[in-house]
Structure formats: C-alpha cells, structure tokens
Amino acid sequence: MKTPSRRAFHALAGAALLAASGFAAAQAWPSKPIRIVVPYTPGGSSDIIARAISQPLQEALGQTVIVENKPGANGNTGSDMVAKAPGDGYTLLLCDVGALSITPSVYTKLPFDPSKDLKGVTMLAYSPHLLAVHPSVKAENLKELVALSKASRMDFAITAVGSAPHLAGVAVEKATGAKWEYIPYKGGSQAVTDTIAGQTHVVMNGMLATLPFVQSGKLKVLGVSKSSRVPLLPNVPTIAEQGVTGFESGTWQGVLVPAGTPPAVVSRLSAELTRIIRSPEVRSRLSAQGAEVYTMTPTEFTTFFERERKNWASVVAQGKIKLD
C-alpha cells in the first residue's frame, strides 16, 4: 500500500481542520445580533413579512433581530449589500424572490450574481398581484380600463423598472393592446401611496400590501393575477378570466444569505423560519391580508429560483427591457 506524501497529508489535515472550524462556527452561531435586510421601502410585502417574523426569530435564536430597509435600484442596492456581506449567518436578505430572479435579465451591469453570490434559505409566502386603480378612474373591469388607456394617458405605478409588477403590466399590455405610461418608484408602498393620492391612475402590486387600501375604499380593484379567484375578494375576477389567458403573477417572499454561509447555519435558519411562518399566529395574520404561507427547502428554493430566472428572461427579451 502506497504511503501518502507529506504534501498530501498536510492537505488532508488542512481540509479536516477547515471543516472542523466551520462546524465549530456553526455550533457557536448565533452569538451576536442578526440583520434582516429588506431591499425596499417600509410598508411593502417583504417589509410586512420581515416584521412579522423578526420577534419570533429573535425568541428562537436568543439574539436581537433587526429589520433594516435598504431600498434602491429595484432592490439591487440591498441585495448587493447582502451578497457582499460575510457568510457568517448574521446578514439575511428578505425580498421578492421573483424580482430578484428578473434582475440578471434586466440589468447589463449588475454588481453581483444572485445565483452565485446568494444562497436560498426558504420561501416564506406568496401573494398575487392586484390590478387596482384610483376610485376616480371610470373603469369597472380590465376591458374598460384598456379602452380608457387608448383614449387618454394612463399612468401605471410600478415598484421599479424591470420589477415583477412592471413585467406583469407589460404582459397585460401586450395581450390586450393597452397603452400604459410606467411611473417607477423605489418600492410597492410608494407606488400604492401615489395611486391613492391620484398622482397615478393604475397600480399593480402584491395583495398583502395592497388589500387594506382596497378594503378601505382608497383603491378600486379590477383584477387578481392568480389562476383562481381569492376567497378575500370572491367577486373580483382574475385577469385570466378577463381575456389574458393563463396569466398569473405575484410576489414570492423568501430569505437568502451570502453564498459562503455554512450549511449548518442555513439548515438551522431554514428550520426556524419554516416553523415560524407556519405557526398559527403568523399564518393567520398573513392570510387575513391575502398572503399564502409557502415554504421550501434550500434545494427546492434553488430549483425554483433558476426556473423563474429562465422564464422571466424570455419576458424581458420580448419587452426589450434593459437597464445599465
């Protein structure tokens, strides 16, 4: 039997030491406060979910959990910050995973690669988009809204150029012949606020953050971007029902960490977050606003993300949407 060389022995010893140190770090985690970075303005779907889970996560881990809003560049500012953070389990990204999957197709000079620089922990929730208008808009359905858009300027508020609501608007526009003027914002909450104020006419945004304004009469909903009607709005037809066959979109909120985060830490985070989001208290709170709890393992998350990235790339190409 051939005896291993001294160089090979040292290489094996080094690998074992590295693995042991990684395991020890994971065992010691967490030993300091944890940040959940939300790459949008306060009040949107991701922000609502981050604040719903922060206290239970703090109790589960025995460390302070801080929610930090870092908006800008369609969520890329905050996402890039997390992508470049140390992979030690103390910086988490909670974002619209669909929007993150769109980003590589839209931006020609993206400072990070979501597939390589970030690692999925778990999905948390899904909520369809609501197509809503200011109450003064003289339309009661999608057909009437399309007709109005052809007759006069129709300002369509979106979270950002290249965002999921923007591409959903483009898809509806292409299918119906509507003519929108897209007005970009730094987050869904600002897009909704300006539509409520009458600064814009139409908004497409996640149900979780938009439903309260529909229920209070500040917005009028014309369609839901789900394959079937939602129980909270049983009389509101889906966009697919109104002629855009097969149309479905929405926001998928999930948690990611820097790619170098130890597997043991990712596994612990995934388990704790899954338990928290499925708890009766959090589930009922989100369900009351139209969000469905939807969890995935890290492996399932990766498969979902890559599939979404591929699907949205074709929509971006058709819409000829590119940003520097």
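The values are calculated or read from the model by the stated rules, or taken from the named source; none is laboratory data. Note that this is a predicted model, so its numbers are computed, not measured. Here Cβ is always computed from backbone atoms with ideal geometry, including for glycine, and neighbour counts include all displayed protein chains. Keep in mind that these areas ignore ligands, DNA and RNA; they rest on the heavy atoms of the full protein, side chains included. Shrake-Rupley method; radii C 1.70, N 1.55, O 1.52, S 1.80 Å.
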Query raised in the report: Tally time: how many residues in the stretch 184-206 are open to solvent by less than 10 Å² (accessible area, probe 1.4 Å) and over 19 Å from G75 (Cβ atoms)?
Result: 3
Requested in this report: Go over the candidates K186, K226 one by one and state the one that is over 21 Å from S284 (Cβ atoms) and of a type in the set (D, E, K, R).
Outcome: K186
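Out of everything in the stretch 48-81 that is of a type in the set (V, I, T) and touching a residue at least 40 places away in the same chain (Cβ under 8 Å), what residue ends up being most open to solvent (accessible area, probe 1.4 Å)? Let's see the steps before the verdict.
Of the stretch 48-81, the ones of a type in the set (V, I, T) are 48-49, 53, 64-67, 77.
From what's left, touching a residue at least 40 places away in the same chain (Cβ under 8 Å): 48-49, 53.
Working: I48: 37, I49: 1, I53: 2 Å².
Selected residue: I48.
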Query raised in the report: Just one of the numbered conditions (1) within 30 Å of G62 (Cα to Cα); (2) not in a strand (DSSP E or B) is not true of S105; which one?
Result: (1)
Report task. Quickly run through the stretch 236-262 and pick out the residues that are within 22 Å of S284 (Cα to Cα) and open to solvent by 30 Å² or more (accessible area, probe 1.4 Å). Result -> W252
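Are any of the residues in the stretch 309-318 under 30 Å from F213 (Cβ atoms), open to solvent by less than 50 Å² (accessible area, probe 1.4 Å) and either of a type outside the set (A, V, I, L, M, F, W, C) or part of a loop (DSSP other than H, G, I, E, B) (or both)? Walk me through it before giving the result.
Taking the stretch 309-318 first, the residues under 30 Å from F213 (Cβ atoms) are 311-312, 315-316.
In the following step, the residues that additionally are open to solvent by less than 50 Å² (accessible area, probe 1.4 Å) were identified as 312, 315-316.
Going one step further and asking which of them are either of a type outside the set (A, V, I, L, M, F, W, C) or part of a loop (DSSP other than H, G, I, E, B) (or both), we end up with none.
Checked the stretch 309-318: no residue is under 30 Å from F213 (Cβ atoms), open to solvent by less than 50 Å² (accessible area, probe 1.4 Å) and either of a type outside the set (A, V, I, L, M, F, W, C) or part of a loop (DSSP other than H, G, I, E, B) (or both).
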Query - In the stretch 82-102, residue nearest to S46 (Cα to Cα) [restricted to those that are of a type in the set (V, I, T) and buried (at least 23 other Cβ atoms within 10 Å of the Cβ)] - result: V97
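Identify, from the list A99, A52, the residue that is within 13 Å of the chain's Cα centre (by Cα) and under 29 Å from S287 (Cβ atoms). Even if it seems obvious, please write down each step before you answer.
Details: A52 fails: within 13 Å of the chain's Cα centre (by Cα).
None of the other options fit; the residue is A99.
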Report task. Answer yes if at least one residue in the stretch 34-43 is under 14 Å from the mean Cα position of the chain (by Cα), open to solvent by 10 Å² or more (accessible area, probe 1.4 Å) and either on the phi > 0 side of the Ramachandran plot or modelled with pLDDT of 95 or more (or both), and no otherwise. Result -> yes
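Can you report the number of residues in the stretch 220-230 which are of a type outside the set (K, R), surrounded by fewer than 21 Cβ atoms within 10 Å (Cβ to Cβ) and in contact with a helix residue (DSSP H, G or I) (Cβ under 9 Å, 6 or more places away or on another chain)? Even if it seems obvious, please write down each step before you answer.
Keep residues of the stretch 220-230 that are of a type outside the set (K, R), which gives 221-225, 227-228, 230.
Next cut, surrounded by fewer than 21 Cβ atoms within 10 Å (Cβ to Cβ) only: 221, 227-228, 230.
Within this subset, residues satisfying the condition of being in contact with a helix residue (DSSP H, G or I) (Cβ under 9 Å, 6 or more places away or on another chain) are 221, 230.
Going through the stretch 220-230 one residue at a time, the tally reaches 2.
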Report task. Determine whether A73 is touching a Lys or Arg at 6+ places or on another chain (Cβ under 8 Å) and not hydroxyl-bearing (S, T, Y). Result -> no
Report task. Please determine, by comparing only the residues of the stretch 138-162 that are open to solvent by 10 Å² or more (accessible area, probe 1.4 Å) and either part of a strand (DSSP E or B) or hydroxyl-bearing (S, T, Y) (or both), which one is nearest to L222 (Cα to Cα). Result -> D155
Query raised in the report: Within the stretch 271-289, is even one residue at pLDDT 95 or above, surrounded by fewer than 21 Cβ atoms within 10 Å (Cβ to Cβ) and more than 19 Å from I53 (Cβ to Cβ)?
Result: no
Requested in this report: Please name all residue pairs, on different chains or six or more residues apart, with Cβ atoms under 8 Å, provided the first residue is in the stretch 196-209 and is farther than 17 Å from L232 by Cα and part of a helix (DSSP H, G or I) and the second residue is open to solvent by 10 Å² or more (accessible area, probe 1.4 Å) and among the basic types (K, R).
Outcome: I196/K218
